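Structure, as structure tokens:
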């Protein structure tokens, strides 16, 4: 039993460390994309949308750390201190604001893609070279020049995906819409998982470990985590192996929190019987 617990802790440390590395890579990726989409500047809200992934991941890292504290590292005596409870709730609310912002930011990106402007009187991507634009397909941004304009797209119809900055063809725009929709669904699923963990932690704080609500939450988690694995497979299918890898790490990271909650449940039931 001790060996198994030690292995789990080593595994958690490894997972959390990799998530931190991925967080840094997400910052770099957001900076790269912003160099195309925000090169003409923008409002503070537009900049936060451009860095929605960085903001989202930072909030999830903090929440993951808080759950680890609450479900494994800290004693019940520490967790029962009013000052500590208030601090935990304050940090949680701060993170939830960030997560709500992520839903907003990804939704705006998707809605904007539904309302793109057709570029008139253009039948070849090479005609756009003098406009100093970039072409996007499958989240890959490339500056359009005379050397690559014929290889980037053979389409005859093009749209602005970012006003006067980035363009794509019909198939590229369709894919961008799909990816934006996956971003929204992914955040919403994670929020539902977060809600189930919060409910389970609250129930176990009340020494409630069984019942119809507990059974429903357990069943719902299989569906929620299954949908996340499906999204990871979709990212891999499109060649975004890094996104798929990151998704898998987050799933494993939160499953470790679920295991902490299960251990806590067994401890409660054991104390109740004795």
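The values are calculated or read from the model by the stated rules, or taken from the named source; none is laboratory data. No experiment lies behind these values; they were computed from the predicted model shown. Backbone-built Cβ (ideal geometry, glycine too); neighbour counts: all protein chains shown.
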Quiz item: Looking at (1) in contact with a strand residue (DSSP E or B) (Cβ under 7 Å, 6 or more places away or on another chain); (2) in contact (Cβ under 8 Å) with a residue 60 or more places away in the chain; (3) farther than 20 Å from residue 34 by Cα, can you tell me which one residue 114 breaks?
Solution: (1)
Self-check item: Criterion (at pLDDT 90 or above, in contact with a helix residue (DSSP H, G or I) (Cβ under 9 Å, 6 or more places away or on another chain), exposed (fewer than 14 other Cβ atoms within 10 Å of the Cβ) and not assigned by TED's automatic domain parsing to the domain that holds residue 68) met by exactly one of 146, 128, 152
Solution: 146
Practice problem: Give region 210-229 a look and list any residue that's in a helix (DSSP H, G or I) and farther than 26 Å from residue 243 by Cα, or say none. | Solution: 212, 213, 214, 215, 216, 217, 218, 219
Practice problem: Take residue 207 and decide whether it is in contact (Cβ under 8 Å) with a residue 40 or more places away in the chain, in contact with a helix residue (DSSP H, G or I) (Cβ under 7 Å, 6 or more places away or on another chain) and either surrounded by fewer than 16 Cβ atoms within 10 Å (Cβ to Cβ) or not in a helix (DSSP H, G or I) (or both). | Solution: yes
Quiz item: Do we have any residue at all in region 191-203 that's in a helix (DSSP H, G or I), in contact (Cβ under 8 Å) with a residue 40 or more places away in the chain and closer than 28 Å to residue 114 by Cα?
Solution: yes
Quiz item: Does region 37-49 hold any residues that are assigned to a helix (DSSP H, G or I) and surrounded by fewer than 18 Cβ atoms within 10 Å (Cβ to Cβ), and which are they?
Solution: 44, 45, 46, 47, 48
Quiz item: Based on what the data block shows, is residue 162 closer than 16 Å to residue 251 by Cβ and in contact with a helix residue (DSSP H, G or I) (Cβ under 7 Å, 6 or more places away or on another chain)?
Solution: no
Self-check item: Failed condition for residue 96, given (1) surrounded by fewer than 15 Cβ atoms within 10 Å (Cβ to Cβ); (2) over 18 Å from the mean Cα position of the chain (by Cα); (3) modelled with pLDDT under 90
Solution: (2)
Exercise. Give the residues of region 113-125 that are surrounded by 15 or more Cβ atoms within 10 Å (Cβ to Cβ) and either part of a helix (DSSP H, G or I) or modelled with pLDDT under 90 (or both), sorted by residue number.
Key: 113, 122, 125
Quiz prompt | Filter result for residue 247 (buried (at least 16 other Cβ atoms within 10 Å of the Cβ), part of a helix (DSSP H, G or I) and within 16 Å of the chain's Cα centre (by Cα)) | solution = yes
Practice problem: Taking the options 185, 194, 181, name whichever one is at pLDDT below 90, out of contact with any strand residue (DSSP E or B) (no Cβ under 6 Å at 6 or more places or on another chain), under 27 Å from residue 53 (Cα atoms) and assigned by TED's automatic domain parsing to the domain that holds residue 50. | Solution: 194
Practice problem: Starting from residues that are farther than 19 Å from residue 9 by Cβ and surrounded by fewer than 12 Cβ atoms within 10 Å (Cβ to Cβ), keep the ones in region 50-77 and report whichever is modelled with the highest pLDDT. | Solution: 77
Quiz item: Out of 140, 164, which single residue is free of Cβ contacts under 8 Å to residues at least 12 places away in the same chain, closer than 24 Å to residue 42 by Cβ, out of contact with any strand residue (DSSP E or B) (no Cβ under 7 Å at 6 or more places or on another chain) and not assigned by TED's automatic domain parsing to the domain that holds residue 38?
Solution: 140
